[in-house]
Amino acid sequence: MLRTGLRSLRSRPVLPTRLFSTSRRIRSEALVNSLDVYTEEETMLREAVQRFATDVVGPKVREMDENEQMDPAIIKGLFEQGLMGVETSAEHGGAESSFTSAIIVIEELAKVDPSVSVLCDVHNTLVNTIFRKYGSKEQQDKWLPQLAESKLGSFCLSEPASGSDAFALQTRAKKDGDSWIINGSKMWITNSYEAEIFLIFANIDPSKGYKGITCFVATKDMGIQIAKKEQKLGIRASSTCTLNFDDLKIPAENIIGGEGKGYKIAIEILNEGRIGIAAQMLGLAQGAFDKAVPYTYSRSQFGQPVGTFQGMAFQIAQAAVEIESARLLTYNAARRKEEGKSFTKEAAMAKYWSSVVAQKVAGSAIEWAGGVGFTRETGIEKYWRDSKIGAIYEGTSNIQLQTIAKFIQKEYS
């Protein structure tokens, strides 16, 4: 399995190649290299995920999209390959790798199917990270092994009346002895159809506003109700559901991070999650590019490949530049996060621009392939449908621009 390979490789001495560290120990050597220099571990990981995505996910992409259903074998395969606990410690059954490694996984999966990519992304960058950063030792020992080895996680924040304004949420939790009773609903919840472990944000004291928001752990068998599974334009195989909680009883020990700490947890974790979405959109753009460009050199009109006409050649070149710029923004944000530097602005920039590039490149890819690109057979049109969500979830593009603008105003005013 991949996790075994990573642990074995990690045990061998590896000479530091650059300043950017991929371990939890920040290297002090003053080495400067390009952002596309990767450690041996990261290179091995990328190659392994590429094989899994191509050989296992690829043949099922169209069927899952048409059926709007994730194949359980894909989820099982992700666990077996060690891709569902990338940063989780070996003690808890994970690969004990870096944040950048998680970003590599998300990018590579998205090149083949963004639906599988976002399933893995939410599980790793949101759910697992909350347990690792804010969970008690007892909570980590109980939940992380399950999340690394077999059980899918879901992050439940958004509601019908609180999307971008996530902290206007109406879900309530009331104390009842040694338990909490949750009532309310959540909307647009990724992974929720297949998930078994849920992180639910609810307000325990509305008089305190956002300071009453608390994070609870629940399992599906506690009584979580799936009220509706959305039918979407894109990422159709990724489940997005409305959840209802009617007197959902949760043990007091299932509070993560303490009472009233949910706001802090959500804000901090979404900043990390945005780098994950940037990686998803980056992979999507590259996937569309990789499928469409070879076709332009095999299809001839007027005695030459259509990709060699200056009008199309310049479009392809421009797209390559934009994909590379998105890649640099994304990996810069990931490295900064990994090194303990501020990364909120950089994450917003990466998420915003990668979403723009994904939509633009995926749309152009359809046109480069002409009528063939417009059909479902090639899979190129799916990338465009999947790209639309990048400007919406985990903070809309306008929210990202607002975040960036605030940093600029602070710096210059």
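Tabulated data for the structure shown
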quantity: Scope segment 181-202; condition charged (D, E, K, R), outside any strand (DSSP E or B) and in contact with a strand residue (DSSP E or B) (Cβ under 7 Å, 6 or more places away or on another chain); matching residues; calculated: 196
quantity: Close pairs (8 angstrom Cβ cut-off, 6 or more residues apart or separate chains): closer than 20 Å to residue 136 by Cβ in segment 233-255, small (Gly, Ala, Ser) and assigned to a strand (DSSP E or B) anywhere; calculated: 250/173; 250/179; 250/218; 251/179; 252/179; 254/218
quantity: Residue 324 vs. criteria of a type outside the set (A, V, I, L, M) and open to solvent by less than 30 Å² (accessible area, probe 1.4 Å); calculated: no
quantity: Those helices (runs of 4 or more DSSP H) lying entirely in segment 42-149 with at least 2 residues without any contact (Cβ under 8 Å) to a residue 12 or more places away in the chain and within 27 Å of residue 264 (Cα to Cα); calculated: 137-149
quantity: Some residue of segment 3-18 being at pLDDT 70 or above, under 20 Å from the mean Cα position of the chain (by Cα) and buried (at least 21 other Cβ atoms within 10 Å of the Cβ); calculated: no
quantity: Some residue of segment 85-105 being within 16 Å of residue 237 (Cβ to Cβ) and touching an Asp or Glu at 6+ places or on another chain (Cβ under 7 Å); calculated: no
quantity: Options 250, 235: the member that is touching a helix residue (DSSP H, G or I) at 6+ places or on another chain (Cβ under 7 Å) and on the phi > 0 side of the Ramachandran plot; calculated: 235
quantity: Residue that is most open to solvent (accessible area, probe 1.4 Å), among those in segment 150-167 that are outside any loop (DSSP other than H, G, I, E, B) and touching a helix residue (DSSP H, G or I) at 6+ places or on another chain (Cβ under 6 Å); calculated: 167
quantity: Test set (1) touching a Gly at 6+ places or on another chain (Cβ under 9 Å); (2) under 14 Å from residue 284 (Cα atoms); (3) not aromatic (Phe, Trp, Tyr) - residue 319 fails condition number; calculated: (1)
quantity: Residues of segment 390-413 satisfying the condition of being open to solvent by less than 70 Å² (accessible area, probe 1.4 Å) and out of contact with any strand residue (DSSP E or B) (no Cβ under 9 Å at 6 or more places or on another chain); calculated: 390, 391, 394, 395, 396, 397, 399, 400, 403, 404, 405
quantity: Any hit, segment 354-374, residues being open to solvent by 40 Å² or more (accessible area, probe 1.4 Å), touching a residue at least 40 places away in the same chain (Cβ under 8 Å) and aromatic (Phe, Trp, Tyr); calculated: no
quantity: Any pair with Cβ under 7 angstrom, 6 or more apart, that starts in segment 274-285 at a residue that is in contact (Cβ under 8 Å) with a residue 40 or more places away in the chain and outside any helix (DSSP H, G or I) and ends at one that is open to solvent by 10 Å² or more (accessible area, probe 1.4 Å) and not β-branched (Val, Ile, Thr); calculated: none
quantity: Residue 346 vs. criteria part of a helix (DSSP H, G or I), more than 23 Å from residue 58 (Cβ to Cβ) and either among the hydrophobic types (A, V, I, L, M, F, W, C) or open to solvent by less than 40 Å² (accessible area, probe 1.4 Å) (or both); calculated: yes
quantity: Residues within segment 310-337 that are free of Cβ contacts under 8 Å to residues at least 24 places away in the same chain and more than 18 Å from residue 361 (Cα to Cα), tallied; calculated: 1
quantity: Residue within segment 120-136 that is closer than 28 Å to residue 292 by Cα, at pLDDT 95 or above and under 12 Å from the mean Cα position of the chain (by Cα) present; calculated: yes
quantity: Segment 246-265: number of residues that are open to solvent by 80 Å² or more (accessible area, probe 1.4 Å) and part of a loop (DSSP other than H, G, I, E, B); calculated: 2
quantity: Any hit, segment 190-199, residues being within 18 Å of residue 263 (Cα to Cα) and under 25 Å from the mean Cα position of the chain (by Cα); calculated: yes
quantity: So residue 323, is it under 18 Å from residue 164 (Cβ atoms) and either small (Gly, Ala, Ser) or part of a helix (DSSP H, G or I) (or both); calculated: no
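The values are calculated or read from the model by the stated rules, or taken from the named source; none is laboratory data. Keep in mind it's a predicted model, so treat the numbers as computed, not measured. Neighbour counts are summed over all protein chains in view; Cβ atoms, including those assigned to glycine, are modelled from backbone coordinates with ideal geometry. Heavy atoms of the whole protein, side chains included, go into the accessibility calculation; ligands, DNA and RNA do not. Shrake-Rupley method; radii C 1.70, N 1.55, O 1.52, S 1.80 Å.
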